[in-house]
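Single-structure report; data block below.
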């Protein structure tokens, strides 16, 4: 994978507009390099990144290869990489990701979940480097400092790539986008099969108490609620209600299921920049209309 750096790179604290308009994962990446104590070197690196001195950046597997034109005749060769997670670490991460459908949905939409580190915590590892020293780097320039201005220039431009595709961070940790999504699909398939097997096991449990396993106190076990075996009973309530105790009111203004769900991980469509907002507005109007119909139906039933 090769990208051509533009002269209008990402905003950093050294830029004019700061970090406010960047995705949070880009901000976190930038915080590391901006913590570097040699500010003059960073200013020089930002100039290199902004003025096109980084002539190429290639993301090859788990490493980033770049060429940066310095004061010499030939560009310097730069390498950056992160420590990768082994298969056992990734197993813990994938199991954690599988447990929350929201994480998978956001990643599929190109959004980095704000609490993604919770999934990595299961393996005792991190997705983002905790400190700048965890970003491994090499440069062919004679400067003994690390990171030098050439490495730092590449570091700045890597944030631009992360903004476009957060999966690059996973790639640097040892899982490409394709591999990660394939593994997620496989883990989710296995999880669904396990749930189905458990449901079938409960369905096959004999209803005769004499055939059931008794507890250690020789007491018959409490039978499960019928809704456990028949999900269609979840939304039924057959007991009678005292009409004086039932109060039917409309929802508070602006309080809809869509509002309660929070921001939905919808992908953006560049060809139709307003499509996402139009879709959300349509959902909101639908929710309000259906809520009004439900209120009318409830009031009518109550009156009868």
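This table checks each residue for (1) touching a strand residue (DSSP E or B) at 6+ places or on another chain (Cβ under 6 Å); (2) closer than 23 Å to residue 33 by Cα.
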residue	(1), (2)
89	no, no
102	no, no
118	no, no
122	no, no
153	yes, yes
159	no, yes
167	no, yes
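Restricting region 29-46 to residues that are in a helix (DSSP H, G or I) and without any contact (Cβ under 8 Å) to a residue 24 or more places away in the chain, the residue that is nearest to residue 172 (Cα to Cα) is 31.
Checked against (1) in contact with a strand residue (DSSP E or B) (Cβ under 9 Å, 6 or more places away or on another chain); (2) assigned to a loop (DSSP other than H, G, I, E, B), residue 128 passes all but a single condition, namely (1). Looking across region 162-179, the residues that are assigned to a loop (DSSP other than H, G, I, E, B) and farther than 16 Å from residue 108 by Cβ come down to 173, 174. Take the conditions (1) part of a loop (DSSP other than H, G, I, E, B); (2) under 22 Å from the mean Cα position of the chain (by Cα); (3) surrounded by fewer than 16 Cβ atoms within 10 Å (Cβ to Cβ); residue 118 misses just one of them, which is (1). Scanning region 121-143 for residues that are surrounded by fewer than 17 Cβ atoms within 10 Å (Cβ to Cβ) and within 28 Å of residue 104 (Cα to Cα) turns up 121, 122, 124, 126, 130, 131, 134.
Pick out the one residue from 96, 66, 105 that is in contact with a helix residue (DSSP H, G or I) (Cβ under 7 Å, 6 or more places away or on another chain) and either at pLDDT below 90 or in a helix (DSSP H, G or I) (or both).
Checking each option against the conditions leaves just 96.
The values are calculated or read from the model by the stated rules, or taken from the named source; none is laboratory data. Since we're looking at a predicted model, the values are computed, not measured. All Cβ positions, glycine included, derive from the backbone under ideal geometry; neighbour counts span all protein chains shown.
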